[in-house]
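What follows is a short report on a single structure.
FYI, it's all coordinate maths here, none of it is from the lab. The shown structure was predicted, so the numbers you read here are calculated from the model rather than taken from an experiment. Heads up, the Cβs are rebuilt from the backbone with ideal geometry, glycines too, and the neighbour counts pull from every protein chain shown.
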Amino acid sequence: MYVQDVMQTAVTTVTPHTTVSTAYQMMTRRGARIRHLPVVAEEGTLIGIVTDRDVRRALASDAPSMAEHELPSLLAKLHVREIMTTEVLTVNGTTSVVEAALIFLEKKLGCLPVVHDHNRLAGITTVADLLRAYSKQRNVTWLMKTDIIMHTPVITATPAMSLSEAQRVMRDKHIRHLPVVSGQCLVGMITDRDLREAAPSSATTLTRGEIGYRMDTTAIETCMTKDVVWACPGFAMVDAAHMLVECQIGCLPIVEHGTLVGIVTEMECLREFLETAPDA
């Protein structure tokens, strides 16, 4: 199986001249779940990539110290070319799915642009695309239960934890998802994207001190997802992968008798698929 069999060809892109504020609007518009925007020249040549984290960091960088009337001028002048990553790791359509999976696992990337002749963008592929392809197959090994591959113990948060503390935990532990528990019961889920969206807007007139105070005193229960998708330890790994893909989530909490006992992530499923795939 090759990347061309699983990649997405309808790709939202920007040019180096696109303003950062426009890129931000594209990523955050209603219904959009865009974390990566390939940057292309007029002829379709891939010249960089910008992530939602790049955009939010750029928009927030100087805003707190600026006057309200100065900020729109800044955002109108700041362009994608000033914040994009120019050294982009790519694959082509004939790259095997196994090789692409190895790149994802080794580099911990969120997406891989797919290019053809002269570095022209042909599409992108994500971990979810690879999981979707693998989960359609029924390798007997992939019917193993989730309790075999789940990660434990789980780093968790409580509903009363502040936004700033949750940010510190995610940064220090290098994770993007925090299950929220009351006692040992799962009551919510908070992601790094939730935290960035909950932070004061880049157009705020608050000072840095006021922003810090708000982040320190706002509990994550105000922005966490409360209707959490979860599975039990008896779930087959291939079904867990299917759920991750269909629900568009990055991690799946494993709950037994109401108690959080572990989590399964996209990367863990991908690693297991890769290790047991017939052509791995």
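Overview of results
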| quantity | calculated |
| --- | --- |
| Relative contact order %, the stretch 140-276, counting alpha carbon pairs below 8 Å whose residues are six or more apart | 35 |
| Gain on full stretching of the segment that runs from Lys173 to Ile155 - 0.36 nm per residue minus C-alpha separation | 5.6 nm |
| Separation in nanometres of the label points that stand 7 Å from Cα toward Cβ, at Thr94 and Ser162 | 5.7 |
| Segment Ile47-Tyr213, length gained on full extension (0.36 nm per residue, minus Cα span) | 55.8 nm |
| Of Met189, Thr146, Val169, farthest towards positive along the dipole that unit charges on Lys, Arg, Asp, Glu beta carbons give the stretch 140-276 | Val169 |
| Reach of Lys107 by Cα under 22 Å, taken over lysines that are not fewer than 8 positions away in the same chain | Lys173 |
| Check: the stretch 89-190 dipole with +1 on Lys, Arg Cβ and -1 on Asp, Glu Cβ, in debye | 100 |
| For Ile249, residues with placed amide H under 5 Å, excluding near neighbours | none |
